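Each remark here refers to the structure printed beneath this line.
The values are calculated or read from the model by the stated rules, or taken from the named source; none is laboratory data. What you see is a predicted model, and the numbers here were worked out from it, not measured in a lab. All Cβ positions, even for glycine, are placed from backbone atoms using ideal geometry, and neighbour counts span all protein chains on display.
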Ligand SMILES: [Zn+2]
């Protein structure tokens, strides 16, 4: 945090130079003053009582009693003041252009979201970031570079090794992505085409991202029966790739695999003990969400595009082979052994299926809800065009064990839903509030300070954002105020479109975006650029450090 110290030293100079400096006649000393808050600064330290003063987009003063005038004074007595939450794994591009206020995130205290997870990102990154930059938004946003997107662009969605020339081309795309402002390389080795990638190829690309200051974040190859081997692979990629590595939305899927987090956390501890910078993120739910096809069809059946998948399903012998695998996945993995555990989230071709489970859908098709008939129904769904699903196959004990680990941060894996549309996973609306309400207040699994650390300074540190994630003088004024006694996730699997409650105020870059139950008209969110940004078109504004805002 040497950079932070440097910035602290700059603060008095800034104050003197500013036309709003204290002492200027008739001009309030500050733009915003939050008084009598319980400061949870994001470091994990115990809370303390102080006032917080903001000027422009910067926290300029934190002190027990600030008496200078401010354009706006808000008494937040009894409530917690924390840094705005930083969500390192989101699919925000699903929806951010329709709902640029990202109400579902802001209303649970999130001020920064990262895109491009699970191996999937826009490519090239620069036009996407430029498009975001021109969209007035409530939240800050940045992106990873998706390994699957890179591979798809170079060799397509095929199951084969890449040639050295192709790997060279992929490396160039990763380097370009980093120079465009990416924060590192994400992978989705569970998905097509990531699943066709040998570990060595991922390491080659990870190395390229790491050389430019990026980190690696992975939706691992297998979160069910192959979980332990997948964690070993993720650690190996960080170790041999020479960059920080993160197990994203860490979980153990399927009853047969419950409890494996004991082993996986031990692997992370051992890796860290020998100097591998391995970390974890997690959402606080016992269900996952992805497409029915990705979850319930074997990878080999998903090679190529949709036409090829349908062709395989139309060929009786191949269909039978796929169905046998789908039955196994329903019995022991994402299906959790019961078709009722698989719930449809959304289907573009049949919106009425949202909220219904595979057993119910089988019945409406005149089938007994056996595993075999559920498999048949799943294949039918894929043939019709596929659906997003929710899979209730995670054990609470694993959720708690992973959450308690000091190297675990909180991330939603959510999206920006259009309010009321479809049946999304409640994590989009409730992740951060749920950790604070259920795991901190009700179960006392974590202290409030530790939970806030996992939502603020820890992801900021991982991303290399030196000016966010802590409440300190000189940091960007991303601030969340909530009542620890009432904060609550209201979204459920049955009724996901419910905003979290207990949040009083959310500030992004010094401007209030949410206050007392309503979004404001402010759109202060910025695009955040990663460590290697090469200032496309010339550096008009001085870059003071990596990760700064352009
Ligand atoms: Zn994922």
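Residues of region 48-70 that are surrounded by fewer than 16 Cβ atoms within 10 Å (Cβ to Cβ) and more than 17 Å from residue 479 (Cα to Cα): 64, 65, 67, 68, 69. Of all residues in region 447-469, those being in contact (Cβ under 8 Å) with a residue 24 or more places away in the chain and assigned to a helix (DSSP H, G or I) number 14.
Taken over region 239-262, the criterion of being away from the ligand (no atom under 16 Å from the Cβ) and either out of contact with any helix residue (DSSP H, G or I) (no Cβ under 8 Å at 6 or more places or on another chain) or closer than 15 Å to residue 407 by Cα (or both) is satisfied by 244, 261, 262. Of all residues in region 188-217, those being free of Cβ contacts under 8 Å to residues at least 40 places away in the same chain and in contact with a helix residue (DSSP H, G or I) (Cβ under 6 Å, 6 or more places away or on another chain) number 8.
Looking across region 294-335 at every residue that is within 16 Å of the ligand (Cβ to nearest atom) and surrounded by fewer than 21 Cβ atoms within 10 Å (Cβ to Cβ), the one that is nearest to residue 402 (Cα to Cα) is identified as 294. Of the helices (runs of 4 or more DSSP H) lying entirely inside region 96-209, those containing at least 1 residues that are more than 16 Å from the ligand (Cβ to nearest atom) and over 30 Å from residue 224 (Cα atoms) span 103-106, 125-133, 164-180.
Among the residues making up region 210-236, those that are surrounded by fewer than 23 Cβ atoms within 10 Å (Cβ to Cβ) and either within 16 Å of the ligand (Cβ to nearest atom) or within 19 Å of the chain's Cα centre (by Cα) (or both) are 222, 224, 226, 230, 233.
Selection within region 418-430: residues that are more than 14 Å from the ligand (Cβ to nearest atom), surrounded by 24 or more Cβ atoms within 10 Å (Cβ to Cβ) and at pLDDT 95 or above. The member of this set that is nearest to residue 447 (Cα to Cα) is 430.
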